[in-house]
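K.L.:
Supplied in structure tokens, the structure appears directly below.
The values are calculated or read from the model by the stated rules, or taken from the named source; none is laboratory data. Not measured: the values here are computed from a predicted model. Using ideal geometry, Cβ is built from the backbone for each residue, glycine included, and neighbour counts are taken over all protein chains shown.
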Amino acid sequence: MDATPPGPAADITPGEAPFDLLIRLLKLGSFINGPMKDGVCDPSGVSQIELKALMALAGEGDLAGHDLVEIMGVPAMNVSRALATLRERGWIEATSDPENRRRKPVRLTGSGLQAYRALLPAAEAVAEAVLGGLTPRQQREFAALSDKIIAAMTDWIRSHHEGVKL
């Protein structure tokens, strides 16, 4: 029996390109939280989950809590807490879905839209710091690849959760 300790992690992880890219994607997802927290959330007094909810509502329109759970990829309890805080601040309000009375969507209020717009300069500064070093062509290519990856993840989530009540 060989008592030699295992080598570097690279020796025990799959070496296939999709797996390596997945690791990079996971790192990107983790690392972006630092600049967003330090550059946007902390100065603005919002949590990262609140910021993500604001951004989702600003970009997508009316959404229910379970929609936000799916979009943001965070536990329902965290989304619920963020929505409660945003509601207390007067930044969101309940709305209705005429096609599904049981669905309970929320939307940004006028104050919520103002708060979101106030966050944009800080978010733009983070974007410039993180992505400004890419050429315009690289930015376009990254955007196109990101769109493909997001679509694939959305498809995976929907198929994986088919029949599961979120």
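K.L.:
Looking at 83, 131, 113, 120 in this structure, which one is touching a strand residue (DSSP E or B) at 6+ places or on another chain (Cβ under 8 Å) and either among the hydrophobic types (A, V, I, L, M, F, W, C) or over 19 Å from residue 54 (Cα atoms) (or both)?
P.N.:
Just a single option satisfies the conditions, and that option is 83.
K.L.:
Would you list the helices (runs of 4 or more DSSP H) that sit entirely within region 57-166 and hold 3 or more residues that are modelled with pLDDT of 95 or more and surrounded by 15 or more Cβ atoms within 10 Å (Cβ to Cβ)?
P.N.:
Result: 76-88, 110-131.
K.L.:
Take residue 140 and decide whether it is over 20 Å from residue 21 (Cβ atoms) and of a type in the set (D, E, K, R).
P.N.:
no
K.L.:
Now a separate question. Those residues that are basic (Lys, Arg) and closer than 15 Å to residue 47 by Cα, I need them from region 65-120; list them, please.
P.N.:
Within region 65-120, 81, 87, 89 meet the criteria.
K.L.:
Restricting to region 30-47, count the residues that are among the small types (Gly, Ala, Ser) and assigned to a loop (DSSP other than H, G, I, E, B).
P.N.:
Total meeting the criteria: 2.
K.L.:
I would also like to ask the following. Which pairs turn up if I take residues in region 48-67 that are under 15 Å from residue 104 (Cα atoms) and look for partners that are part of a helix (DSSP H, G or I) and among the hydroxyl-bearing types (Ser, Thr, Tyr) with beta carbon separation below 7 Å, at least 6 apart in sequence or on another chain?
P.N.:
Correct list of pairs: 65/80.
K.L.:
Looking at 70, 93, 141, which is the one that is over 25 Å from residue 154 (Cβ atoms) and among the acidic types (Asp, Glu)?
P.N.:
The unique qualifying residue is 93.
K.L.:
Here's something else I'd like to know. Given the structure, is residue 50 at pLDDT below 90, within 29 Å of residue 88 (Cα to Cα) and either in a helix (DSSP H, G or I) or touching a helix residue (DSSP H, G or I) at 6+ places or on another chain (Cβ under 6 Å) (or both)?
P.N.:
Spelling it out, it is not the case that residue 50 is at pLDDT below 90, within 29 Å of residue 88 (Cα to Cα) and either in a helix (DSSP H, G or I) or touching a helix residue (DSSP H, G or I) at 6+ places or on another chain (Cβ under 6 Å) (or both).
K.L.:
Consider only pairs whose beta carbons are under 7 Å apart and that are at least six residues apart or on different chains; among these, list those whose first residue lies in region 109-136 and is without any contact (Cβ under 8 Å) to a residue 40 or more places away in the chain and over 22 Å from residue 94 (Cβ atoms) and whose second residue is surrounded by 12 or more Cβ atoms within 10 Å (Cβ to Cβ) and of a type in the set (A, V, I, L, M, F, W, C).
P.N.:
Close Cβ pairs (under 7 Å, with a partner that is surrounded by 12 or more Cβ atoms within 10 Å (Cβ to Cβ) and of a type in the set (A, V, I, L, M, F, W, C)) amount to 134/142.
K.L.:
Any residue in region 74-90 that is in contact (Cβ under 8 Å) with a residue 60 or more places away in the chain and within 19 Å of the chain's Cα centre (by Cα)?
P.N.:
Yes: one or more hits.
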